[in-house]
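The values are calculated or read from the model by the stated rules, or taken from the named source; none is laboratory data. Owing to the predicted nature of the structure, the values given are computational and were not obtained by experimental measurement. Neighbour counts run over all protein chains shown; Cβ positions are idealised from the backbone, glycine included.
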Amino acid sequence: MSRSALVKDIASERMTILYGIAKAEIDTNPKLSRKHAALIRRISEHYKVRLPKEIRNGMCKGCSSILIPGLSASVRIASANRQVIYKCLSCKTEKKIPY
């Protein structure tokens, strides 16, 4: 395994661990959770690693908050467009995911 592949593998593993920590901290300490999510984005950009789908769909692009339905996001289903719409409760940014 080459050095760059090893570095990218470690970066993606670290992003997954940080996402789990941020998700667990969202209800007790949302500010710390947002810092972890911002760190996930920085790691992804620095090492040019694509975010996994679970993490990409579970984070707000506007404020780097973890989107948990009912806690930090509201969820609506637009049947006409066949989309699930997540609306961040802190910055009001909408994320549309087709289904």
Requested in this report: Please work out if S2 is of a type outside the set (K, R) and modelled with pLDDT under 95.
Outcome: yes
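Residues checked against (1) over 30 Å from V7 (Cβ atoms); (2) of a type in the set (D, E):
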{"site": "D27", "(1), (2)": "yes, yes"}
{"site": "K31", "(1), (2)": "no, no"}
{"site": "K35", "(1), (2)": "no, no"}
{"site": "R42", "(1), (2)": "no, no"}
{"site": "Y47", "(1), (2)": "no, no"}
{"site": "R56", "(1), (2)": "no, no"}
{"site": "M59", "(1), (2)": "no, no"}
{"site": "G70", "(1), (2)": "yes, no"}
**Report entry** Unmet criterion (only one of (1) modelled with pLDDT of 95 or more; (2) out of contact with any strand residue (DSSP E or B) (no Cβ under 6 Å at 6 or more places or on another chain); (3) of a type in the set (G, A, S)) for S74
**Finding:** (2)
